[in-house]
1. Per DSSP H run of at least 4 residues, take -39500 (n - 2.57); add these up for the chain, divide by its residues and hand me the 222 nm value, nearest 500 deg cm²/dmol.
2. Given contacts defined as C-alpha pairs under 8 Å and at least six residues apart, what's the relative contact order of the range 113-195, whole-number percent?
3. Decide, for the chain, between rounded, prolate and oblate: order the square roots of the alpha carbon gyration tensor eigenvalues as a ≥ b ≥ c, take rounded if a/c falls under 1.5, and otherwise choose prolate if a/b is larger than b/c, else oblate.
4. Please report, to one decimal in angstroms, the Kirkwood hydrodynamic radius of the range 194-253 built from all distinct Cα-Cα pairs.
5. Check which residues have an amide H placed less than 5 Å from Val225's amide H, if you skip close sequence neighbours.
6. Once phi is turned into θ = phi - 60°, what whole-Hz ³J(HN,Hα) does the Karplus curve with 6.51, -1.76 and 1.60 give for every residue of the range 236-242, x standing for Gly and Pro?
7. Take the chain, mark every one of the trypsin sites (Lys or Arg not before Pro) that falls in a DSSP loop and has at most 14 other Cβ within 10 Å, then report the longest stretch left between them, sites excluded.
8. Between Val95 and residues 5 or more places away or on another chain, which pairs have amide H atoms under 5 Å apart, with H built 1.01 Å from N, and which residues are they?
Amino acid sequence: MLTIKDLAVSIEGVDTPIIKGFSLEVKPGEVHAIMGPNGSGKSTLAYVLAGRDGYEITGGSITFDGQDLLELEPEERAAAGIFLAMQYPVEIPGVANSYFLRQALNALKKARGEPEVSAADFIKRLRAKAEEIGIRQEFFKRDVNAGFSGGEKKRNEILQLAMLEPKLCILDETDSGLDIDALRTVSDGVNAMRSPDRAMIVITHYQRLLDYIVPDHVHVMADGVIRKSGGKELAFELEKQGYEGLLGPVARGAEA
C-alpha cells in the first residue's frame with residue numbers, strides 16, 4: 001500500500017535535513033507505530049505524507065497504491081484515501097461539524113466519481129458512526145473544534161476518520177493531552193476502524209497508547225531515520241530503557 005524509500009526532507013529555505021534517508025513499507029491491514037524523541041522527524045513525516053506546504057523533498061520516493069504520492073496535491077491525496085489526524089486539530093469557528101463532514105465526504109465522492117450522499121442518508125450514517133465511537137449528537141451542531149477540550153477535539157477527529165473511511169490513517173500523537181477515559185474512547189474508535197483493507201501509522205512518544213491500539217510493527221525513529229524495528233515488545237523495551245538507553249547518543253540528535 002505505502003512504500004517509502006530513502007526519503008530526505010528539509011524545511012523550505014533551510015539546508016539542514018530533518019528526515020535523512022527514511023524507508024518504510026506498510027501493507028494493507030497493518031498497524032505501524034513510530035516512536036521517537038522530540039525532533040526525530042515523526043511529525044514531519046506525517047505532514048509530508050499528507051502534502052503539507054513548507055517542506056522540500058530532497059531525495060527518495062513515496063508510492064501509495066501504485067501512485068507517486070509526491071506528485072499529488074493534498075486534496076488528491078485525501079481523495080486517494082489518506083487521512084491525517086493532527087496533534088493539534090484546527091478550529092473552524094462558524095462551521096458546524098455536520099456541515100463540514102458532509103461537505104468533506106461529498107468532496108471525496110465527487111473526486112472519485114461517486115454519487116454524493118443525500119442529507120437523510122448522511123445524518124443516518126453520522127448518527128450510527130457517532131454511537132459506535134461514543135460521540136454525543138450535540139457535537140453535530142457545534143462549530144468544528146471551537147471551544148472543544150483536548151479530548152473532545154481528538155474524539156471529533158476519530159468521528160471524521162469513521163465518516164471518511166480512508167485507506168491509510170496517520171495518527172500524529174493522538175494521545176497528546178488525553179486523560180485515561182478519553183484515551184480509551186479514542187482508542188476504541190481507532191480499533192473499530194481496523195480492517196484488512198486499511199492501514200494505520202500511529203505516531204507517539206509513549207508506550208501507553210500502544211496498550212490500547214496494539215501495533216503489528218514498532219519503529220523507533222531518531223535523527224531522521226528508523227534506528228530500530230520490532231514487534232509490540234519493542235515498545236515495552238523502550239519504556240524500560242528510554243530512548244538514550246535503547247539507541248545511545250543518537251537519541252539526542254548526534255550522528256550515528
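1. Values: 7 runs with 89 residues, N = 256.
It comes out at -11000 deg cm²/dmol, rounded to the nearest 500.
2. On the way: 45 pairs, mean separation 29.1, N = 83.
Taking the mean separation of contacting Cα pairs over the length of the range 113-195, I get 35 percent.
3. Details: a/c = 1.88, a/b = 1.43, b/c = 1.31.
The shape class here is prolate.
4. Details: mean 1/r = 0.0814 Å⁻¹.
Over the range 194-253, the inverse of the mean reciprocal pair distance is 12.3 Å.
5. Amide H to amide H, under 5 Å and 5 or more residues apart or across chains, Val225 pairs with Lys20.
6. 5, 4, 5, 4, 6, 8, x
7. Details: sites that count: Arg52, Arg112, Arg136, Lys141.
Excluding the exposed sites themselves, the longest stretch runs over 142-256.
8. The list, which skips near neighbours in sequence, is Val144.
Read-outs throughout are calculated quantities, based only on the coordinates presented, and are distinct from any laboratory measurement. Just so we're clear, the structure is a prediction, and the values are computed from it rather than from any experiment. We place every Cβ from the backbone using ideal geometry, glycine too, and count neighbours over all the protein chains shown.
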